[in-house]
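Everything on this sheet refers to the single structure shown next.
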Amino acid sequence: MNAADAPAPLLRVKDLTVEFRTMDGIVRAVDAVSFDIWPNETVGLVGESGCGKTVTGLSLLRLIPSPPGQIINGSIELEGLDLLSLDAGDMEKRRGSEIAMIFQEPMTSLNPVFTIGSQITEVLRRHRQLSQRQARELAASLLAKVSIPDAGRRLDDYPHQLSGGMRQRVMIAMALSCNPKLLVADEPTTALDVTTQAQVLDQMRELQNEFRMAVLLVTHDLGVVAETCQRALVMYCGSIVEAGKTEQLFSSPRHPYTAGLLASIPRIRAERIAELPVIPGRVPDPGNLPAGCRFAGRCSHVQSRCHQERPTLRSVNGNAVACHYPLGADI
Amino acid sequence: MNEFSSVAGARAVNRRNSIWRKVLRKFLADRTGVAGLAAVLVYFVAALGVWCGWWGTDWADLGGSKWEAVSAAHWFGTNIIGQDIFSRAIYATSTAFEVGVVVAVLATIIGGVLGAFAGFFAGSWIDELLLWAMNVLDAIPFYLFVAAVAYSLAGSPYAMHVAMITSFWIGTGRLVRGEVIKLRNMEYIEAAYAIGLSRFMIIFRHILPNTSHILLVQASIAFVSAIKAEVILSFLGIGIRDGMSWGLMIEESTKEVLAGFYNNFIAASLLMFGLVMAFNALSDALQDAMDPRKVA
Amino acid sequence: MQYVLRKMLTGIPLILGVTLVSFALMVYFGPDMTYQLLGKNPTAEQIIEVRHQLGYDQSFIQRYLAYLTELIRLDFGNSSSGEPVRSLLAKTIPVSLILILPGFLLGHILGVLLALAAAFWRGRWADKLIMAIAVIGMSVSFLIVIIAFQILLCSSDGLNLFPVRGWNVQSLPDYLSYIAVPTLATTFVALGYETRFYRSVFVEEMTRDYVRTARAFGLSSRRIFFRSIFKNCLIPIITRVMFSIPQVAIGGSLLIESYFGIPGIGKATYEAIITGDQPVLKAVVSLTAILFVFVMTLNDILYRAVDPRVSLK
């Protein structure tokens, strides 16, 4: 299904702002982030570690550890209902059944002292009226769906008896169990080896179509985004600096940061180059951000305006870019 | 040392300094901890006065009659044989510091060094031997062990100190061992090998300083444990032998309490409670300020 | 069963260590008993004779082996009062057990419950109150608590509810009235430490990734806390309880029994220390070491029951 065909976005995030109280004062981890996700769509949220992408993902489920974190502004509308306005109990019921999240560490994300069967059935029975036996049968069929061999017997295994890839599949099975409309996947394949990574991603794509859910894929891996996402959002220092269709974003990046990220991917078939290009400089201290464009200090195209005025997202040749002087634009 | 390693060294020192500054800032922001420190300092001044002979000198004098009430001459009254309870309580404060400091410092040094060796040579016979020694000493109940040491040292005034140090280093030793096993695999240790430093040099110059957060907290815990253990051991008759301590005062007071005279008991109990409470608050604040997960 | 035996075997170096330390401290470097046995004006022959009896003319190793043989045969001889050590133990150990057990259990159970409450309402007023009381409890000396409770509950200046000291147990009400004050005191002192320890265990477990996962799938915080987290915490709880058994069984009762004049193993040990009664001390030390190994083995078996990651191999 094409994003434009749907009448309304599934998820509409507006001006989401998250702050953390730390010893060094208040740190704004996510700063006025806005984006939409359409039904059955896969959107990549890309950036370096510490750019706020994971915090954004957690905010969608209201899972920010609080204290010290707090959502101080914005709205998160899932099918028109603002999740931030719900009371804690109401939100709890929607986690897992309408919006679920899986995490990077398949090693530690499952409870070590319960069998995977009991962990899946616990989620199932939380959201659906099922007997223990029905839940167990359903859990077995879910494990079979994520290609875990001998699923019925595997239910009685403990997490440490499974490989990393299997554990991540169990997580996916749990995520699918209550048929959520949106799945937030935070670096779901980063901890896995390359072969397993590809298998898990393929599987996610298949199941996404079967279960008709949307996925927000949070990752630092541009390769994964290129392979799986229809659209991508690039985050830097708590803000989205560029957003657009993946193909267009990758073929003609408008923001110097996106261009820098793309250039720093090693390519096997490229002509031999002396050194892999890197983005010079370091990410500014989140407690002490510059006044103008946050990328100005590292940007090779920087001009004096960049240090004074913070650019906002605007449309440039199909992409949305937060840059005063976008690359390849005819201005 | 070549230019590169001295620059790296300076950077490491700078980093260490900035971490300590952060710890200090965090500690100062903790009101309970600062109050604890202030109270400990007050006690310390009291003890210092005793060492300098400013006050508490008449703790053994028979300056009054039996069980005098609180008065201007005897602030806390007098005990069963007419000694001034205030002087005795103040004098006992200095004893508490002596026991606490001696035990805390020595137990921490021994625990730090042996723990570092065990951790650095983890898996070798040195580690096995030290672990065995720790388990053996752990298996013997503390009060029994102190008694056995007191017995074998046949009346030495330091039997209690020796026993406490022998027991208290183990906790520090285990923690330091665990930390050193982590540190041992860090790159800067490999770098130190690479530039040809000896193993002893590495342990003492590059590993032990990085466990100082554990050592400081453990020393504060050992201090409190020593003071508390002293009271019980002195009461049992296997603690302080010469001089005066809170434990001896309480031992003395048990006879008085049955006769309904509470001054001695209350004076010793409250003073001891105050110091231990203050030190616990201080120790908690130190732990919070130095939790590496919170500093990072 | 094989596993248990194997586990017990690994405790042998530990037992050897403990007996070695106790032998060295109490026998080899202990005071010379020659003149105590001989009385006034012994002759040189008498001295040599007694020293030979006591084994003072043998080497360290020989004497240690002799000591070990006595331990293995559980033959500790007679105490200096002439009573066989075995009958002394048989008489005193049950008293200590029924004296210490209620306070020991109460301390741990209440500690876990208070810690659960504090951790569940972490950062709220209930947590702050519980932890403040715990620090106060930790800061009062055991001895002071005993004396204060005795004044408050047993003396004519206080409530005068229970016997001041002693042990004259003929019936259940007797038993309860004699253990009341010791139990209150041990529980009070233990609570501070136990609550703090267990709370830190619970709080640390609350930060684990699996807790976040459970929350992301909509499980209620109550269910996560009391089911998922609690089961993980059983491992440190078991260890804590197990390893405090040897300490409490001997160390804890030493002060209580000698203060209240209760004829338990603690008091017997205390008297043996004061009088230098070696056979009794020897027996207590070795029993403690054996108890420690036993507890370690039991601990491993319980681990196995709770943590699927631990296997019997």
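None of the figures in this text is laboratory data; all of them are computed from the coordinates on show. This is a predicted model, so every value here is computed, not measured. Glycine gets a Cβ as well: all are built from the backbone with ideal geometry, and neighbour counts include every protein chain shown.
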- Task: Report, in cubic angstrom per residue, the convex hull volume of the C-alpha atoms of region C:85-306.
- Result: 149
- What list of ³J(HN,Hα) values in whole Hz, one per residue of region A:109-120 in order, does the Karplus curve 6.51 cos²θ - 1.76 cosθ + 1.60 (θ = phi - 60°) give from phi, with Gly and Pro shown as x? 7, 9, 6, x, 9, 10, 5, 5, x, 5, 6, 6
- For C:K91, list the aspartates and glutamates whose Cα falls under 12 Å from its own Cα; do not include residues on the same chain fewer than 8 positions away. C:E83
- Item | Computed [θ] at 222 nm, deg cm²/dmol, chain A (DSSP H ≥ 4; -39,500 (n - 2.57); rounded to nearest 500) | -9000 deg cm²/dmol
- Could you check the simple spin-label distance between A:Q161 and A:E309, using points 7 Å along Cα→Cβ, in nm with one decimal? 6.5
- Exposure-ranked with fewest Cβ neighbours within 10 Å first, B:W132, B:W169 stand as B:W132, B:W169
- Query: Charges only on Cβ, +1 for Lys and Arg, -1 for Asp and Glu: so what's the dipole of region A:3-229 about the Cα centre, in debye to the nearest 20?
  - Reply: 760
- Within region C:85-306: Cβ-based charge dipole about Cα centre, in debye rounded to nearest 20 (Lys, Arg +1; Asp, Glu -1): 920
- Message: From the phi angles alone, apply the Karplus equation (6.51, -1.76, 1.60; θ = phi - 60°) to region C:68-82 and give each ³J(HN,Hα) in whole Hz, x where the residue is Gly or Pro.
- Response: 4, 4, 4, 5, 5, 7, 6, 10, 9, x, 9, 6, 5, 7, x
- Task: Work out the length of the dipole vector of the protein assembly as shown about its Cα centre, built from +1 on the beta-carbon of each Lys and Arg and -1 on the beta-carbon of each Asp and Glu, and round it to the nearest 20 debye.
- Result: 1760
- Message: Taking a virtual spin label 7 Å from the Cα of C:I98 along the C-beta vector, which residues in region C:173-190 bring their backbone nitrogen under 14 Å of it?
- Response: C:173-180
- Task: Quick one: work out the % antiparallel among DSSP beta bridges in the protein assembly as shown, nearest 5.
- Result: 65
- How big is the Kirkwood radius of region A:3-229, worked out from every pair of different alpha carbons and given in Å to one decimal? 18.2
- Item | In Hz, Karplus ³J(HN,Hα) per residue of region B:163-170 (6.51, -1.76, 1.60; θ = phi - 60°; x = Gly, Pro) | 5, 5, 4, 4, 8, 7, 6, 5
- Message: For a quick check: with amide H placed at 1.01 Å from N, whose amide H comes under 5 Å from C:D307's, ignoring anything fewer than 5 positions away on the same chain?
- Response: none
- Message: Using amide H atoms built in the peptide plane, which far-off residues or other-chain residues are under 5 Å from A:N73 H to H?
- Response: A:T17
- Item | Restraint check, A:K181/C:K231; A:K14/A:K93; C:K7/C:K267; B:K22/B:K228, Cα-Cα greater than 29 Å | A:K181/C:K231; C:K7/C:K267; B:K22/B:K228
- Over chain A, what is the relative contact order in whole percent, taking alpha-carbon pairs under 8 Å and six or more residues apart? 20
- Query: What are the residues whose amide H is under 5 Å from the amide H of C:G77, where those residues sit 5 or more places off or on another chain and H is modelled from the backbone?
  - Reply: C:V85
- Using the beta-carbon distance between A:R21 and B:A38 and R0 = 35 Å, what value does 1/(1 + (r/R0)^6) give for FRET efficiency, to the nearest 0.05? 0.80
- Task: Could you please rank A:L142, B:L275, placing first whichever residue has the fewest other Cβ atoms within 10 Å of its Cβ?
- Result: A:L142, B:L275
